[in-house]
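Data first, discussion second: the structure below is written as structure tokens.
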Amino acid sequence: MENILVTGGAGFIGSNLCEHLLAHGYKVVCLDNFSTGKIENILFLLNQYPSSFKLVVGDICNLSDCQKAVKGIDYVLHEAALGSVPRSIKDPITTNAVNIDGFLNLLIAARDAGVKRFVYAASSSTYGDSETLPKVEEVIGKPLSPYAITKYVNELYADVFARTYNMECIGLRYFNVFGRRQDPFGAYAAVIPLFVKKLMAHESPVINGDGEYSRDFTYIENVVQMNILAMTTTNQVALNQVYNTAYGERTTLNQLVGYLKEFLSEFDADIAKIEILHGQNRVGDIPHSLACIDKAKRLLGYDPKFCMRDGLKEAVKWYWNNI
């Protein structure tokens, strides 16, 4: 039985990975310091899988915590990070410490423990000011935020460790992931849970700019699939690469709000009448984001099952029943 370490395992993406892995017979260790993760996200897993799910409360910024967590581990799925472009602009030092120093700590611990493969969360923010659409892995621009810099440095470190220490590393450039357990209440909540929370409270969401900025919104199930494929692939050509992790479909913020009002109106008809407000464009935001997923399809066999609308309908249903 394989032993998997999921860092940030009590967070949004991490808890979904833990749930999938445990349901498919893996032994899972969750490393989390609960700075953004929540015990509620994994409590049911701790109760349901007492012999195959272990929680290590620790911080990737401490090398000793990383060393403790990787003991006996076969594969690492590294999700722990400080997300959010605005947070990184407000506090670049902490973002750098967690996303770069913490990443390096975990790489070193994984190397020394002889981990078979290191799969890590990269980011579409790496494309920076590149105006090329769709985004292909080999063409990036200059980063537009401290957060983007940290995620690009992760890719550079992983590449150097693969070359220098013969490690197997795969990076997944996430494109605007959404779905169940994504927190709507944090100071830096992502746009979908934030807008859902506002609409459910009959408050007007504020769109940054004219609403024509677009994103490749990616449902959590597609992201889980990519992580499992990256972890289990036997294709040697697929190793030590980075992959766009998305659906390959562009949605504007105006379209997004339209869908949210449509789906939430099935539960509360008054939501359809809520006015949408517009504010200033946000510093550090990329105007448009659309992924080419051909490389992931070709080398990993990626086959995303949820388009944006289908995933959003599932997410709205979850939020309606859980917040």
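Looking at the stretch 209-238, which of its residues are assigned to a loop (DSSP other than H, G, I, E, B) and either of a type in the set (A, V, I, L, M) or without any contact (Cβ under 8 Å) to a residue 24 or more places away in the chain (or both)? Steps first, answer last, please.
Residues of the stretch 209-238 assigned to a loop (DSSP other than H, G, I, E, B): 209-213, 216-217, 233-235.
234 - this is the single residue of the stretch 209-238 that is assigned to a loop (DSSP other than H, G, I, E, B) and either of a type in the set (A, V, I, L, M) or without any contact (Cβ under 8 Å) to a residue 24 or more places away in the chain (or both).
Each row is one residue, and each column tells you yes or no for (1) within 21 Å of residue 11 (Cβ to Cβ); (2) of a type in the set (D, E, K, R); (3) at pLDDT below 95.
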site: 210; (1), (2), (3): no, yes, yes
site: 213; (1), (2), (3): no, no, yes
site: 220; (1), (2), (3): yes, no, no
site: 231; (1), (2), (3): yes, no, no
site: 234; (1), (2), (3): no, no, no
site: 240; (1), (2), (3): no, no, no
site: 261; (1), (2), (3): no, yes, no
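Of the residues that make up the stretch 272-292, is at least one closer than 24 Å to residue 16 by Cβ and not small (Gly, Ala, Ser)?
Taking the stretch 272-292 as the starting set, the residues that turn out to be closer than 24 Å to residue 16 by Cβ are 289-291.
Next, from what is left, pick out any that are not small (Gly, Ala, Ser): 290.
Taking every residue of the stretch 272-292 in turn, at least one turns out to be closer than 24 Å to residue 16 by Cβ and not small (Gly, Ala, Ser).
Collect the residues in the stretch 131-168 that are of a type in the set (Ser, Thr, Tyr) and either over 21 Å from the mean Cα position of the chain (by Cα) or modelled with pLDDT of 95 or more (or both), keeping them in residue-number order. Break it down stepwise before answering.
At the first step, the residues of the stretch 131-168 found to be of a type in the set (Ser, Thr, Tyr) are 132, 145, 147, 150, 152, 157, 164-165.
Result: 132, 147, 150, 152, 157, 164, 165.
For the stretch 256-305, enumerate the residues that are in a loop (DSSP other than H, G, I, E, B), more than 24 Å from the chain's Cα centre (by Cα) and in contact (Cβ under 8 Å) with a residue 12 or more places away in the chain. It would help to see each step written out before you state the result.
So in the stretch 256-305, the residues in a loop (DSSP other than H, G, I, E, B) come out as 265-268, 274-276, 280-287, 289-290, 292-293, 301-305.
Now drop any that are not more than 24 Å from the chain's Cα centre (by Cα), which leaves 265-268, 274-276, 280.
Once the filter is applied, which keeps residues that are in a loop (DSSP other than H, G, I, E, B), more than 24 Å from the chain's Cα centre (by Cα) and in contact (Cβ under 8 Å) with a residue 12 or more places away in the chain, the stretch 256-305 yields 267, 268, 274, 275, 276, 280.
Residues of the stretch 129-164 being more than 22 Å from residue 296 (Cβ to Cβ) and polar (S, T, N, Q), which ones?
Passing the criteria: 145, 150, 164.
Sort through 12, 34 and tell me the only one that's modelled with pLDDT of 95 or more, of a type outside the set (Val, Ile, Thr) and at negative phi.
Values: 34 fails: at negative phi.
Only one candidate qualifies: 12.
Going by what's in this entry, would residue 125 be described as surrounded by 20 or more Cβ atoms within 10 Å (Cβ to Cβ) and at pLDDT below 95?
Values: surrounded by 20 or more Cβ atoms within 10 Å (Cβ to Cβ): yes; at pLDDT below 95: yes.
Yes: the conditions hold for residue 125.
Before we move on, is residue 235 surrounded by fewer than 20 Cβ atoms within 10 Å (Cβ to Cβ) and in contact with a strand residue (DSSP E or B) (Cβ under 8 Å, 6 or more places away or on another chain)? Please lay out each step first, then the result.
Numbers: surrounded by fewer than 20 Cβ atoms within 10 Å (Cβ to Cβ): yes; in contact with a strand residue (DSSP E or B) (Cβ under 8 Å, 6 or more places away or on another chain): no.
So residue 235 does not fit the description; no.
Among the candidates 82, 77, which residue alone is under 20 Å from the mean Cα position of the chain (by Cα), surrounded by 23 or more Cβ atoms within 10 Å (Cβ to Cβ) and either within 30 Å of residue 145 (Cβ to Cβ) or without any contact (Cβ under 8 Å) to a residue 12 or more places away in the chain (or both)?
Step by step, each of 82, 77 is checked, and only 77 is under 20 Å from the mean Cα position of the chain (by Cα), surrounded by 23 or more Cβ atoms within 10 Å (Cβ to Cβ) and either within 30 Å of residue 145 (Cβ to Cβ) or without any contact (Cβ under 8 Å) to a residue 12 or more places away in the chain (or both).
Just give me the residues in the stretch 188-202 being farther than 27 Å from residue 35 by Cβ and surrounded by fewer than 21 Cβ atoms within 10 Å (Cβ to Cβ), in sequence order.
The first filter runs over the stretch 188-202 and keeps only residues farther than 27 Å from residue 35 by Cβ, leaving 199, 202.
The one that is farther than 27 Å from residue 35 by Cβ and surrounded by fewer than 21 Cβ atoms within 10 Å (Cβ to Cβ): 202.
Among 107, 55, which is the only one that is among the aliphatic types (A, V, I, L, M), touching a Phe, Trp or Tyr at 6+ places or on another chain (Cβ under 8 Å) and crowded, with 18+ Cβ neighbours inside 10 Å?
Working: 55 fails: touching a Phe, Trp or Tyr at 6+ places or on another chain (Cβ under 8 Å).
Of the residues listed, the single one that is among the aliphatic types (A, V, I, L, M), touching a Phe, Trp or Tyr at 6+ places or on another chain (Cβ under 8 Å) and crowded, with 18+ Cβ neighbours inside 10 Å is 107.
Could you check the stretch 1-86 for helices (runs of 4 or more DSSP H) lying wholly inside it with 3 or more residues that are under 23 Å from residue 124 (Cβ atoms) and of a type outside the set (D, E, K, R)? Spell out how you get there, then give the answer.
Numbers: elements: 12-23, 43-48, 63-70.
Counting at least 3 such residues, we get 12-23.
The values are calculated or read from the model by the stated rules, or taken from the named source; none is laboratory data. Remember, it's a predicted structure, so these values are computed and weren't measured experimentally. All Cβ positions, glycine included, derive from the backbone under ideal geometry; neighbour counts span all protein chains shown.
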